[in-house]
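The values are calculated or read from the model by the stated rules, or taken from the named source; none is laboratory data. Here the structure is a predicted model, which is why all the values come from computation and not from measurement. Ideal geometry is used to build each Cβ from the backbone, glycine not excepted, and the neighbour counts take in all protein chains shown. Heavy atoms of the whole protein, side chains included, go into the accessibility calculation; ligands, DNA and RNA do not. Shrake-Rupley method; radii C 1.70, N 1.55, O 1.52, S 1.80 Å.
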Amino acid sequence: MAFDILKSGKNKPPLKPKPVEEMPHTKLGIEYKEWCNSHKTRHKWRNIRWTALIFMNLLFVVSFAFDLSILEGSLSGSRLIGFYLMDPFNALQVLAVSSTTGYIVHLTMNFWIGLFTILLFWFFLGGRTYCSWMCPYHFLAENMEKLHNYFVKKKMIKEHSFHIGLRFVFWIGFLILAVVTQQLVFEDLNVVGITSRAMIYGPGLLLLWVVGVLLFEIVYSKRFWCRYVCPIGTTWSLVGKLSPLTIKFDLDKCGYCRDCQDVCLVPHELWFVQRGKATQKVHYTGSDCTRCGLCIDTCGGNALTYTIKGWGAVL
Amino acid sequence: MAKKQIGRREFLISGGIAVGALAVVGTGAHYLDVARSDKQLRQDFLRPPGAINEVEFMYGCIKCGLCVQICPVQAIKLAGAHEGLSYGTPYIDVREQACDFSCDAMQCVETCPTAVLNFIPFKEAGLAAVEKATEGVVDLRNSDINPFEVQKVAMKETVRMGKAHVIKDTCLAHQGKGFKGISRGKDFEGIYRAPDSKVAWATPLKDKEFDREICNLCVTECPIGEKAIVFEPRRRDGKMRPRVLEGCTGCGVCVMVCPTEKPSIVVEPIKS
């Protein structure tokens, strides 16, 4: 029973779709379209998130520029007021290579402390929360996505999507590549690290790669890096499997408009919002969800909210 | 069932593309690595103090830049894309800004989380030196020995980034010439703590005016001193000229202060 909160409920038989009388717009006595558009200009969580993201990344920049010991280093590895933090996929690569060569015994205590602290921290905040609340590349891609959507809407380009499991191929692939070549190959392609370092230590030629990936996302496949490649996001996704902080879906308030799926980076996590798909009255998003809050902002019926899973009674 | 099969097919196709892409990246990385290994051992690409051998360095360095941030003279920089696979790893261009040990405690080494800048040898050397210096001393408070000073000196003398060697063709001393003025010009940005400096921190090189009958800047400005480089008469004709000794740490202050247009003393990284 205690593990009920961990189950997505996807394999259960779906509930019957709600009749018109139970739809939220009928209850309010307004037109369906009007109900759908009622929160189109609300950007509460987006603004909070962008402020937090920019603040944290600026803290890196400012710490180096003015020699303050607040948040030193970069997103690959840093010290928050002297307390080490590690990038988990970077650390995984180092662990993978160093355990085959025997170098693992030399890794410092700061490395282990940094790794476990960051894993614990983002575990409580939801794993991929890192992506939307911290990652500078996410910020760029999120804004470029609007351009992509515009082009798709104007029918200038076609949308290409891939299998969501592709990430795991890359995740394992980059780990194997690190062991085989004894180099942190991914770090040379890591747009997150490159963007972060470019902001802190000054831009370099490798920013062209970031621009290239962004262009690919604009003209070919929406959010290609974040959705199908990024092993850092995949690591966080694995960390966040049992995270308490998540997004709660209340079927009673849902109007089946699927606006939330349109704005979502990982629409497959919102599978239950479609008409006749939900199997329970209440659903929680899974570990791929970045807890960005875009769906919360856009929802006409406030059916989606942040929640701490399993703590509902306490709070 | 049909839908599931489509999903699987889709996954296999895109997974195949992904594996192909990874293979290309891997092969590319291999060739870049081969191209890199010799090129890397250059005098403008010294690794920071305490760097372990290049192979382990390449997978151990996570490119966080903490060593860059902690260095008080900003000698350490991160490599750009033109360095290929070394992108993002720290190096010191001693001609532009040498490591002058004004941090006094190997801070870049201490801050490194993956120990590719390995602190252990420094720690051991420091402790051994303190033990040796305090041998037989009953009361430290009444003695002249400052264990911190002893430790600091021992630690910096343990550094082996490379070894300097003099290029005789251009060296002013070898030609019997002197030097007067500001060694690298008024626009040079480099800073260092000279051995005769009255302050504990690094000061700009451009603020210091030299006047030497026979140029010996590399000798007088060396932070290690007579263990690393000496100014002595040549056996052949008795002319004074600098000679690098085994104690050279490869910090590169000599390279930075050298007044000739191209440095007449260069640091060669130690191949390990």
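The single condition among (1) open to solvent by less than 10 Å² (accessible area, probe 1.4 Å); (2) of a type outside the set (D, E, K, R); (3) facing chain B (nearest Cβ under 10 Å) that A:I113 does not meet is (1). Within the range B:61-99, the only residue that satisfies the criterion of being part of a loop (DSSP other than H, G, I, E, B), open to solvent by less than 10 Å² (accessible area, probe 1.4 Å) and among the polar types (S, T, N, Q) is B:T89. Evaluate the range A:35-43: report whether one residue or more is at pLDDT 85 or above and within 25 Å of A:K309 (Cβ to Cβ). So far as the range A:35-43 goes, yes, one or more of its residues are at pLDDT 85 or above and within 25 Å of A:K309 (Cβ to Cβ).
Sub-8 Å Cβ pairs linking a first residue in the range B:112-130 that is touching a residue at least 40 places away in the same chain (Cβ under 8 Å) to a second residue that is of a type in the set (D, E, K, R) and part of a helix (DSSP H, G or I), at least 6 apart or interchain, are B:V116/B:E56; B:F119/B:E110, ordered by first then second residue.
When the range A:183-197 is examined, which residues are found to be assigned to a loop (DSSP other than H, G, I, E, B), facing chain B (nearest Cβ under 7 Å) and out of contact with any Asp or Glu (no Cβ under 8 Å at 6 or more places or on another chain)?
Start the filter on the range A:183-197 by keeping residues that are assigned to a loop (DSSP other than H, G, I, E, B), which leaves A:183-184, A:190.
Now narrow it down to the ones that are facing chain B (nearest Cβ under 7 Å): A:183-184.
Selection gives A:L184 alone.
Return the residues of the range B:159-179 that are open to solvent by 50 Å² or more (accessible area, probe 1.4 Å) and not in a loop (DSSP other than H, G, I, E, B); say none if nothing qualifies. Outline the logic, then answer.
Applying the first criterion (open to solvent by 50 Å² or more (accessible area, probe 1.4 Å)) to the range B:159-179 yields B:160, B:163, B:165, B:167-170, B:175, B:177.
Hits for the range B:159-179 are B:K163, B:H165.
For the range B:188-227, a residue qualifies if it is in contact with a strand residue (DSSP E or B) (Cβ under 7 Å, 6 or more places away or on another chain), in a loop (DSSP other than H, G, I, E, B), surrounded by fewer than 16 Cβ atoms within 10 Å (Cβ to Cβ) and among the β-branched types (V, I, T), but none of them does.
Figure legend. Inter-residue proximity from the range B:45-62: first residues at the interface with another protein chain (Cβ under 7 Å from one of its Cβ atoms), second residues crowded, with 21+ Cβ neighbours inside 10 Å and of a type in the set (V, I, T), beta-carbon distance below 6 Å, spacing 6+ or different chains. Indicated pairs: B:Y59/A:V97; B:G60/B:T114; B:G60/B:V116; B:I62/B:T114.
Within the range B:100-113, the set of residues being in a loop (DSSP other than H, G, I, E, B) and in contact with a strand residue (DSSP E or B) (Cβ under 8 Å, 6 or more places away or on another chain) comprises B:D100, B:S102, B:P113. Name every residue in the range A:198-215 that is more than 12 Å from chain B (Cβ to nearest Cβ) and open to solvent by 30 Å² or more (accessible area, probe 1.4 Å), in order of residue number. Answer for the range A:198-215, where residues must be more than 12 Å from chain B (Cβ to nearest Cβ) and open to solvent by 30 Å² or more (accessible area, probe 1.4 Å): A:V211, A:G212, A:L215.
Of the listed requirements (1) open to solvent by less than 10 Å² (accessible area, probe 1.4 Å); (2) more than 25 Å from A:F174 (Cβ to Cβ); (3) among the aromatic types (F, W, Y), B:F119 misses just one: (1). Checking each residue in the range B:115-144 for being within 14 Å of chain A (Cβ to nearest Cβ) and in contact with a Ser or Thr (Cβ under 7 Å, 6 or more places away or on another chain) picks out B:A115, B:P121, B:F122.
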